[in-house]
Structure formats: structure tokens, C-alpha cells
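Below is one structure, written out as C-alpha cells, with a few remarks after it.
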Amino acid sequence: MAQSNIKVAVQKFGNFLSSMVLPNIGAFIAWGLITALFIPTGFFPNEKLAELVGPMVTYLLPLLIGYTGGKLVHDQRGGVVGAIATMGVIVGAPDTPMFMGAMVMGPLGAFAIKKFDQAIDGKIRSGFEMLVNNFSAGIIGGILAILAYLGVGPAVEGFTDILVVGVDWLIGAGLLPLTSILIEPAKILFLNNAINHGVLSPIGLDQAQETGKSILFLLEANPGPGLGVLLAFMLFGRETAKQSAPGAALIHFLGGIHEIYFPYVLMRPMLILSVILGGMSGVFTLVLLGGGLGAPASPGSILAISAVTPPQAMVYVANFAAVIVATAVSFIVSAVVLKTGKQREEDINEATQKMEQMKGKKSSVAGNVTEKETTVSNGEFPQEVNKIIFACDAGMGSSAMGASLLKKKVKEADLDVSVTNTAISNIPQDTDIVITQEELTPRAKEKMPNAYHISVDNFLSSPEYDKLIASLQNKITEEQAGLVEESEENAGDATPDTSESDDLLLEENIFIGKEFSTKEEVIRFAGEALVKAGYVKESYVDAMVEREEITSTYMGNNVAIPHGTEEAKKAVLQSGFTVIQVPNGVDFNGEQAKMIFGIAGKDGTHLEILSGIAVICSEQENVDQMVQATTAKEIKEIINSK
């Protein structure tokens with residue numbers, strides 16, 4: 001169990017490192033191409049254009065890594081502070097590309113500002129949010145930059161120098177091929193990212209800056225060992241494994257998705273010897289012929305390798321020879337293993353499941369070559385949930401209310417899960433669970449096919465919230481989770497203070513005892529009220545009607561919250577609300593809405609009062625009180641005091 005926990009920890013660490021590097025691979029390739037083209041030994045030597053090489057590797061690439069690492073920890077705000085902190089290590093060690101330093105300071109800076117934000121959450125007076133946010137980011141980022149300049153930069157530079165000396169010694173002693181004994185099994189166990197992005201790439205970039213290439217970029221990226229295994233299955237495999245191997249080989253060699261061959265190795269554990277010997281022979285060939293790449297090749301495709309190979313004929317020969325030799329050796333050993341052992345037809349599917357268990361998530365590429373469906377979607381509840389997103393068309397109204405209610409339930413259940421809302425077009429890629437209205441779920445699935453999707457028809461009182469909380473608490477699937485008794489909620493905890501909502505909800509924008517024959521009439525009435533109050537431009541009214549045509553803004557409990565489309569956000573001048581009481585109700589797609597909250601949201605400043613309204617309206621009794629109110633002041637007091 002302890003070894004398994006260590007392996008999972010290393011996998012997560014490696015995945016986090018790769019998550020900082022992989023989104024910026026385009027920048028690495030750009031730097032590699034400029035280096036290959038314009039340095040004195042490049043295709044088209046150009047002294048002026050070659051001046052781009054140094055600043056890009058010294059400043060641009062580390063800053064991108066630092067920003068990305070910070071954004072992973074604390075979104076945009078974390079990215080900004082992470083980039084500020086990264087600048088400290090860059091200036092503190094100007095002679096060494098600070099990739100390792102960026103991987104340390106980016107997440108560290110974001111962690112610091114995240115803890116600060118958590119400490120002051122709910123304690124800032126209305127109107128001072130931007131002031132506090134900007135100054136806190138600047139002060140914390142500045143302090144971390146100074147500390148990085150004085151201590152972290154020199155420390156990382158010294159550590160990098162030690163690693164470089166070690167690698168140089170391995171090369172000089174002819175022992176570099178032995179690294180395959182560690183790297184190839186690590187790939188199968190999904191531990192390679194920690195080695196590749198944490199050690200090899202930073203050192204390789206340092207070497208490439210001096211010599212124009214580094215052999216380290218090809219230690220893990222060489223597709224030869226995996227290709228040899230797949231070719232052996234094409235000729236000597238059986239049934240499903242043999243039939244699927246050609247497609248897997250194409251994806252692996254041209255697409256660079258190495259995990260496609262992992263199930264084949266796991267199916268016959270002796271094949272680990274094939275990839276180790278193939279990797280060793282490939283590295284030996286690189287050392288012998290002087291191969292290497294000018295920048296990381298990601299993914300590990302022969303096309304990517306070709307693109308970042310320095311423009312010397314012998315280097316091309318060396319790199320391609322390394323791939324060919326690794327493929328041949330791996331193929332020969334794999335053929336012997338397959339010919340001398342028994343194979344079962346179902347082995348490939350079992351091995352794929354085993355690989356997915358080790359990886360901790362489904363593999364979309366492995367599913368392409370097996371008979372097992374691998375899309376998560378509405379099927380299997382995720383093993384680990386860190387981020388839940390409520391999504392709607394604009395990310396302004398219904399999703400914000402739903403997120404407020406679930407966030408309260410998550411907090412009461414003492415769960416460490418992030419719950420936020422956004423427009424469907426802006427759903428973050430690291431989202432685990434997406435919650436949408438039923439009509440919008442297909443769009444959300446198209447945007448995030450590998451997330452777990454939950455459809456609701458009532459954002460204010462959906463039983464799916466309690467089912468989801470039960471699933472998170474008990475780590476069971478949504479289908480297994482029974483409907484738990486809804487706990488009595490203290491609405492006052494989430495309701496904004498009266499003084500903070502005065503500018504957003506004015507008594508003159510609360511209308512009592514209105515009658516409407518259609519929902520379009522009441523929506524246009526709400527929109528015109530927002531226009532007259534100076535919250536929106538005239539065009540916003542039509543956008544509210546258009547939004548209603550996409551999917552109903554009826555929330556449940558006799559409440560509707562009409563608002564504009566995502567494109568109409570530019571027509572919002574400032575956040576504000578209008579409340580319309582319709583005692584006899586107005587039809588919203590078969591549902592009777594008696595309290596209509598017209599919404600205009602700008603820069604999220606409306607979310608606090610919307611959160612309070614959501615909590616209040618989740619109780620039918622509170623809605624009934626507002627329907628029976630006789631003055632605007634009474635309705636406002638209910639909203640502000642509940």
C-alpha cells in the first residue's frame with residue numbers, strides 16, 4: 001500500500017510538471033526553430049534574428065511556465081503572481097535558463113496568494129475589492145520575487161549545475177544508455193513526466209542553448225521501443241491484439257501518443273525487457289553518432305522529432321538511426337517473447353483496464369484500439385473530484401445561482417471541492433464535473449466530452465445536488481447514491497449585507513402586483529427597467545429575449561431570472577437587478593413564474609447578491625412571502641434579511 005501511494009504521488013507530481021510545460025510546447029518549438037534557422041550554424045544564419053534566441057530561453061519560456069503553474073493552482077490571479085515570483089529566479093540566476101526555478105516559484109506564488117484570498121474571503125467591504133486584490137497580488141508577488149532573487153535562483157542554479165555535471169559524466173563514461181533501465185519502465189507506470197519535465201528538459205534546454213542540441217530530449221521521446229512492440233504484435237499477436245496493433249502503431253509513431261502501446265506491454269510483462277533494450281540501443285546510437293534535438297519533442301512523434309532536429313545532415317542521420325535501431329531491437333526481443341509464450345484473446349482489454357487503473361483515469365487513445373468504451377461522460381463517476389462547474393449560456397444568472405447553492409452544501413459537508421460557474425464556452429479543461437440545464441447538456445458534452453455531466457431541470461431545488469454530495473462523501477457513483485435528506489439551511493450565512501446590495505437592488509426597481517400574458521412581455525419589461533436604471537444599453541433587452549429562446553431561465557419554486565446572452569455582456573454598463581412580482585403568475589414553458597429577477601452582471605460584481613437570492617429562493621416559503629408582499633420595501637427586506 002505504501003509503495004502504491006508513493007507511485008500515485010509521483011504520478012500526480014509528474015502530471016503537474018507536465019501540465020506546466022505541455023501548454024507551452026508551441027513556444028518551445030518556436031524557440032527551437034528560430035535557433036535552428038538563424039544561429040551561426042543554422043540553415044539561414046542571421047546575426048540580427050539570432051538575437052531572439054537568448055531572451056526567449058532566458059525570459060519568455062520560464063515566465064510562461066511560471067504563469068501556467070500559477071494558473072493551475074489559483075487561476076488567472078495565481079498565474080500573475082506566479083509570473084512575478086518567477087522573474088525573481090530569472091534575474092537571480094541570469095546564466096542558467098530557470099525552468100526548474102519557474103516550476104518552483106510559479107506554483108508557490110499562486111499558493112501564497114490563494115491562501116491570502118481564503119483568509120480575507122468575505123471580509124472586504126464593498127467597493128474595495130479591486131483595490132485589495134491588486135495591491136495584495138503586487139505586494140505578495142514582489143516579496144516572493146525578492147526572495148527568489150536572493151535565495152531560490154542561486155540555489156536552483158547550483159542544483160542544475162550538479163545535474164549537468166552528472167549527465168556529462170554519464171555521457172563521458174558511456175553510461176547514458178543505462179538511463180533506459182529507469183525511463184522505459186517509468187513510462188509504463190506513468191512516472192515519466194516527473195523525470196522528463198522535472199529533470200531532462202531543463203538540463204537539455206541549458207545544453208541546447210550552448211551547443212544547439214541536446215541528446216536528453218530524445219531519451220524519453222524516442223518512439224522506437226514502443227513501435228517495435230506494436231510491429232511484433234502485428235506479425236505474431238493473436239485476435240484483438242493483432243487486429244488493433246496497426247492502428248495503434250500509426251497513432252504512436254505519427255501521433256506521438258506513447259500510452260497507446262502500454263497495454264500491449266502490460267499484457268505480456270516480459271515485454272518490458274523489449275522496450276528497455278530498445279531504449280538503450282537507441283541512446284547508444286545517439287551517443288555514437290552525435291544525435292540530439294534543439295528543443296523538446298512533444299508529443300513524441302517522428303514528425304515532432306523531425307521538426308526540432310538541428311539542420312545538420314549528420315544529426316538527422318543520427319536521430320533517425322536511433323529510432324530505427326531502437327525499433328529493430330525492440331521488435332526482435334518482442335517477437336521472441338510472443339513466439340515463446342501463450343496469448344489470450346481477451347488480454348488486450350484486460351491490460352487496457354489495468355493501465356487505466358494505474359493512470360487513475362480513462363484513456364481516450366487506448367479506447368481507439370480496444371472494444372471497451374472509454375468516454376467518461378454520463379457513465380462513470382470520476383475517481384477524484386477537484387472542480388465542479390455550473391455552466392449556462394452566459395455564465396451570468398442560472399449557473400451562478402446553482403453554484404451558490406451547491407457551494408453552500410459542499411461547505412456544510414466539509415468537502416475540499418471547488419464549485420464555480422461559467423459560460424459553456426469557457427469551461428476550464430481541468431473540470432471534473434459539469435452541471436447544466438437539460439437543454440444545454442449536449443452543448444456542454446461537446447465542449448467537455450471527458451467530464452462527468454449532470455443535467456438538472458430545477459437549479460433551485462434539484463435532488464441531484466444531494467445525490468452529488470452523497471457521491472462525493474461516500475465515493476460511489478451517482479446512480480448508487482440515494483437521495484439524502486435535505487438539511488435545514490441557514491440562509492443568512494450566504495445573504496449579502498444590506499449595505500452591500502443597495503447599489504445593485506434599489507426599491508424603485510422592484511415592481512409589485514404586475515400582470516403579463518406572456519413571458520416575453522415580462523422579460524421585455526424587466527429589460528426596459530434595467531435600461532431606465534442605467535444598468536444596460538437598449539440592445540440588452542433583445543438579448544434577454546434571445547437568451548430565453550436558447551433555454552428557459554425558469555429556475556423552479558416559481559422563480560425566473562431572465563438575463564442576456566454571453567455576447568450581450570458588452571451591453572452591460574454596471575451590475576444591477578430588477579424584481580417583478582406577478583402574483584397570478586406568467587407561463588415559462590409550462591411553469592408558473594411569480595417572482596422574476598431581471599439580471600445585468602458585469603465583472604462578477606452581481607454574484608454576491610445573486611448568491612443570497614438563490615439561497616432565499618431555494619425555500620418555497622420565502623418565495624411565497626415575496627409573492628404576498630404589498631410593498632417594494634417589504635420585498636427588499638426579505639431579500640436582505642433572510
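The values are calculated or read from the model by the stated rules, or taken from the named source; none is laboratory data. Values in this document were obtained by computation on a predicted structure and should not be read as measured data. Don't worry about glycine lacking a Cβ; one is built from the backbone with ideal geometry, like all the others, and counts go over all protein chains shown. What goes into the accessible areas is simple: the full protein's heavy atoms, side chains included, and nothing from ligands, DNA or RNA. Shrake-Rupley method; radii C 1.70, N 1.55, O 1.52, S 1.80 Å.
When the residues of segment 94-130 are filtered to those that are of a type in the set (Lys, Arg) and under 21 Å from Val73 (Cα atoms), the one that is surrounded by the fewest Cβ atoms within 10 Å (Cβ to Cβ) is Lys115. The requirement of being open to solvent by 10 Å² or more (accessible area, probe 1.4 Å), under 26 Å from the mean Cα position of the chain (by Cα) and modelled with pLDDT under 80 is not satisfied by Leu182. Annotation note: of Leu250, Leu227, Leu219, the sole residue that is without any contact (Cβ under 8 Å) to a residue 24 or more places away in the chain, under 33 Å from the mean Cα position of the chain (by Cα) and part of a helix (DSSP H, G or I) is Leu250. Met270: assigned to a helix (DSSP H, G or I), over 24 Å from Pro310 (Cβ atoms) and open to solvent by 30 Å² or more (accessible area, probe 1.4 Å), yes or no? Answer is yes for this residue. Of the numbered conditions (1) assigned to a loop (DSSP other than H, G, I, E, B); (2) surrounded by fewer than 24 Cβ atoms within 10 Å (Cβ to Cβ), Gly291 fails exactly one; give the number of that condition. It is condition (2) that Gly291 fails. Of the helices (runs of 4 or more DSSP H) contained entirely in segment 1-100, those carrying at least 1 residues that are within 30 Å of Ala186 (Cα to Cα) and at pLDDT 85 or above fall at 61-92. A single entry from Gln574, Gln625, Gln592 fulfils the requirement of being touching a Gly at 6+ places or on another chain (Cβ under 8 Å), surrounded by 15 or more Cβ atoms within 10 Å (Cβ to Cβ) and at pLDDT 80 or above: Gln574. Inside segment 290-338, residues that are aromatic (Phe, Trp, Tyr) and within 12 Å of Gly226 (Cα to Cα) make up a count of 1. Just one residue in the set Ile609, Ile580, Ile599 is outside any helix (DSSP H, G or I) and modelled with pLDDT under 85; that residue is Ile599.
Scanning segment 563-596 for residues that are free of Cβ contacts under 8 Å to residues at least 60 places away in the same chain and within 17 Å of Val623 (Cα to Cα) yields Gly585, Glu591, Gln592, Lys594, Met595. The helices (runs of 4 or more DSSP H) found entirely in segment 297-366 that carry 2 or more residues being modelled with pLDDT under 80 and out of contact with any Phe, Trp or Tyr (no Cβ under 6 Å at 6 or more places or on another chain) are 347-359. Does Leu150 count as within 30 Å of His258 (Cα to Cα) and either at pLDDT 90 or above or assigned to a helix (DSSP H, G or I) (or both)? No, not satisfied.
hydroxyl-bearing (Ser, Thr, Tyr) and either farther than 25 Å from Ser404 by Cα or buried (at least 22 other Cβ atoms within 10 Å of the Cβ) (or both) - does that describe any residue in segment 544-567? Yes, segment 544-567 has at least one match.
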